[in-house]
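Data block below; observations after.
The values are calculated or read from the model by the stated rules, or taken from the named source; none is laboratory data. Owing to the predicted nature of the structure, the values given are computational and were not obtained by experimental measurement. As a convention, Cβ positions derive from the backbone with ideal geometry for all residues, glycine included, and neighbour counts pool all protein chains shown.
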Amino acid sequence: MSIDHPLMLPIKNIVTESPNIKTFMFDYNFYAEPGQFCMIWIPGVDEKPFGIVKREGQDFMITVAAIGVATKALHQMKTGDKVGFRGPYGSSFTIPARRSSIALVAGGYGIASLGYLAEEARKRDVHVHLFLGARTKKDLLYLEWMKNIGVELHLSTDDGSEGYKGFNVDLFKKYVETNSKFKVQNSKFDMVYTVGPEIMEMKIAEICYAHHIPFEVSIERYMKCGFGLCGQCCVDPVGWRMCVEGPVIDGEKLKQITEFGKYHRTASGKVEKYPWAK
Amino acid sequence: MIDLSVNLAGIKLKNPTILASGIMGVSASSLKFVEENGAGAVTIKSIGPTDRTGHKNPTVLAFDNRMVNAVGLSNPGVDTEVHIVKEAHERLNVPLIVSIFADTIDNFAVVADKLLETHPKIIELNLSCPNTDNEFGKMFALDADDTRKVITLVKKVTQGTDIKIFTKLTPEEEDFAELGKVVEDAGADGITTINTIFSMNIDIYSRKPILSNAYGGISGPAIKPVGIESVYTLYETVSIPIIGMGGILTGEDAIEYIMAGATAVGIGSGVYYRGIDIFQKVTSEIEDFMKKEGYKSIEEMRGIAHNS
């Protein structure tokens, strides 16, 4: 069961991850699966969706980049200040089988929901490869956490300040192609999970299709109610709600979502093409 | 053989369940998804003259027995909506109800006129949305004179077509029966009621209204008795068909509305309480009840609460 009107929770702790990214921690335990999201209300400002992150010793946290009015207001808040919580909402990632091998491909803040999945996977002795890409070294989140739980890191930055200089897509592609060429069975991924900018997700999907690797992707659409009523986040042509049937969609179902990588809808419901889409 | 179909102002519905306006109907795809889940007809989210973002979040809240919303009539505007309506007509097998709103009486006619090329079957005039800013002033349906003017003007625009005009009313008008009579006399082909009812929730910790618009409209099980009373009252005064709604979650709820006099029933908040397949569930529950109680058609049950 989800909470569908704001439950006021005091911020227990705030960690500054980078100059414009903070993690907010809460003493509130509830059942949620990796990939699910919540709505956080900043009273008098706005309410926005955030990926739910859980880790050992921490009930629940969200990692927030100060980008818009709401997230900037959230960054101004102090320990003890209250925000409204609703959720958990949406579909979740399939928990990988024991001792399997998986790849998490995260661009930017996409690591938020994948961090929780990485921890759940490591509890099951899963070999977790994380292809984490960001603009610069300081934008690479959760590195300590991921190292501590034994995740194999493949880092990339746009400016080369850490790891491979370029996109994580290229790093991932190279890895997959090398391993498929040499047919190294143990290095083949049983499953790939990707969260990040849609253009990145689209490219990861193409690689996975080409190499017949099952995968799951988290699709972000404009959220209003979060519980399947308003229709704002429905995708073409199937009409699935990204807050109920999504946001996590598997590679087979993704073939039916023709708008993926091409366009999305604004708050008014107007179709807005992505700049890269033909 | 049990007949679940209904005749709504000359339009045949395979079952009496209709997706209410403002729920799901943002795109042709979302309407199609609702059709696939069993709706007898679907209503597109209200179309206005221009692109509107609507209110900031929180816009929709849910509680055990009620929902409160102030989405704020977000829509891309009629010029874009014309294409959405056309796509919906191409893809849907069930009738589409085209809900419209406007900021002025004249603009109702402008929106209706632009939609003519899509050949709508039913245009529903949303005269009773409680979620708009001051720019809209007083709700149209709280003023019998404005209500009459809007209907008359839109009827003029649709003259010579088969388009049926339904009017969405709120029970907040003091003399509801009289308003129904005004609507019928102005030439409306049907009435949809009830809309949501004015309401507010305040968070006592931040000491602020929760909805960004502060005011919202309440819907769901809590308002069902109000809806039943409204339909019952209208059925006594008008002879045009009524789409009854407000808190319908089960087949029993739907039958209560039909017995009060509704020709068909709208489902909105029920999507939250019972899932997107509520249309299938309600229809099969209606059928079960009819089997058990020996009814052969929906028609047999309509308005029978008035016979006692």
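Structure notes:
- Answer residue from segment B:38-60, given it is farther than 19 Å from B:ILE267 by Cβ and facing chain A (nearest Cβ under 7 Å) and is surrounded by the fewest Cβ atoms within 10 Å (Cβ to Cβ) among those: B:THR53
One line per residue, one yes/no per condition, for (1) modelled with pLDDT of 95 or more; (2) hydroxyl-bearing (Ser, Thr, Tyr):
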position	(1), (2)
A:ASP236	yes, no
A:ARG241	yes, no
A:GLY246	yes, no
A:LEU254	yes, no
A:ILE257	yes, no
A:THR266	yes, yes
A:PRO275	no, no
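- Considering segment B:61-79, and only residues there that are more than 24 Å from B:ALA264 (Cα to Cα) and surrounded by fewer than 17 Cβ atoms within 10 Å (Cβ to Cβ), the residue that is nearest to the other protein chains (Cβ to nearest Cβ) turns out to be B:PHE63.
- Any chance A:SER18 is over 17 Å from the mean Cα position of the chain (by Cα), surrounded by fewer than 21 Cβ atoms within 10 Å (Cβ to Cβ), more than 16 Å from B:ASN57 (Cα to Cα) and within 14 Å of another protein chain (Cβ to nearest Cβ): no
- Condition check for B:ALA102 on (1) in a loop (DSSP other than H, G, I, E, B); (2) within 14 Å of another protein chain (Cβ to nearest Cβ); (3) crowded, with 24+ Cβ neighbours inside 10 Å: one failure, at (2).
- Output for segment B:148-177, where each listed residue is in contact with a strand residue (DSSP E or B) (Cβ under 7 Å, 6 or more places away or on another chain), outside any loop (DSSP other than H, G, I, E, B) and more than 14 Å from B:ALA112 (Cα to Cα): B:LYS168
- With a requirement of 2 or more residues that are within 14 Å of chain A (Cβ to nearest Cβ) and at pLDDT 95 or above, the helices (runs of 4 or more DSSP H) lying completely within segment B:178-285 that satisfy it span B:270-274.
- Hits in segment A:23-55 (condition: touching a helix residue (DSSP H, G or I) at 6+ places or on another chain (Cβ under 6 Å) and either not hydrophobic (A, V, I, L, M, F, W, C) or not in a strand (DSSP E or B) (or both)): A:PRO34, A:GLY35, A:VAL45, A:ASP46, A:LYS48, A:GLY51, A:LYS54, A:ARG55
- Pick from segment A:215-241, criterion aliphatic (A, V, I, L, M) and in contact with a strand residue (DSSP E or B) (Cβ under 7 Å, 6 or more places away or on another chain), ranking: farthest from the other protein chains (Cβ to nearest Cβ): A:VAL217
- Those residues of segment A:242-270 which are within 8 Å of chain B (Cβ to nearest Cβ) and under 20 Å from B:ARG91 (Cα atoms), in sequence order: A:ARG265, A:GLY269, A:LYS270
- Applying the criterion of being in contact (Cβ under 8 Å) with a residue 40 or more places away in the chain and polar (S, T, N, Q) to the residues of segment A:184-236, the residue that is farthest from A:LEU141 (Cα to Cα) is A:ASN186.
- Test: A:ASP27 is farther than 27 Å from A:ALA134 by Cβ and touching a residue at least 40 places away in the same chain (Cβ under 8 Å): no
- Residue-level analysis places A:MET8 outside the set of residues that are away from every other protein chain (no Cβ under 14 Å) and either in a strand (DSSP E or B) or touching a residue at least 40 places away in the same chain (Cβ under 8 Å) (or both).
- If only residues of segment B:166-205 that are β-branched (Val, Ile, Thr) and under 19 Å from B:VAL150 (Cα atoms) are counted, the one that is surrounded by the fewest Cβ atoms within 10 Å (Cβ to Cβ) is B:VAL182.
- Lone unmet requirement of (1) within 19 Å of the chain's Cα centre (by Cα); (2) surrounded by fewer than 24 Cβ atoms within 10 Å (Cβ to Cβ) for B:GLU287: (1)
- Yes/no for B:PHE289 being within 14 Å of chain A (Cβ to nearest Cβ), at pLDDT 95 or above and outside any loop (DSSP other than H, G, I, E, B): no
- In this structure, B:LYS138 does not satisfy being at pLDDT 95 or above, more than 19 Å from the chain's Cα centre (by Cα) and either more than 14 Å from chain A (Cβ to nearest Cβ) or surrounded by fewer than 17 Cβ atoms within 10 Å (Cβ to Cβ) (or both).
- Scan of segment A:56-94 for residues that are of a type in the set (Val, Ile, Thr) and either modelled with pLDDT under 95 or assigned to a strand (DSSP E or B) (or both), ordered by number: A:ILE62, A:THR63, A:VAL64, A:ILE67, A:VAL83
- Verdict on B:VAL82 being in contact with a Lys or Arg (Cβ under 7 Å, 6 or more places away or on another chain) and surrounded by fewer than 18 Cβ atoms within 10 Å (Cβ to Cβ): yes
- Filter result for A:GLU47 (away from chain B (no Cβ under 14 Å), among the charged types (D, E, K, R), surrounded by 16 or more Cβ atoms within 10 Å (Cβ to Cβ) and out of contact with any His (no Cβ under 9 Å at 6 or more places or on another chain)): no
- Among the conditions (1) buried (at least 20 other Cβ atoms within 10 Å of the Cβ); (2) without any contact (Cβ under 8 Å) to a residue 60 or more places away in the chain, A:ARG86 misses just one, which is (2).
- Criterion (farther than 25 Å from B:SER29 by Cα and either modelled with pLDDT of 95 or more or buried (at least 23 other Cβ atoms within 10 Å of the Cβ) (or both)) met by exactly one of A:ILE219, A:ILE204: A:ILE204
- Hey, A:LYS54 crowded, with 18+ Cβ neighbours inside 10 Å, touching a residue at least 24 places away in the same chain (Cβ under 8 Å) and among the charged types (D, E, K, R) or not: yes
- Of all residues in segment B:14-37, exactly one satisfies the criterion of being under 14 Å from the mean Cα position of the chain (by Cα), more than 21 Å from B:ASP51 (Cα to Cα) and facing chain A (nearest Cβ under 10 Å), namely B:LEU19.
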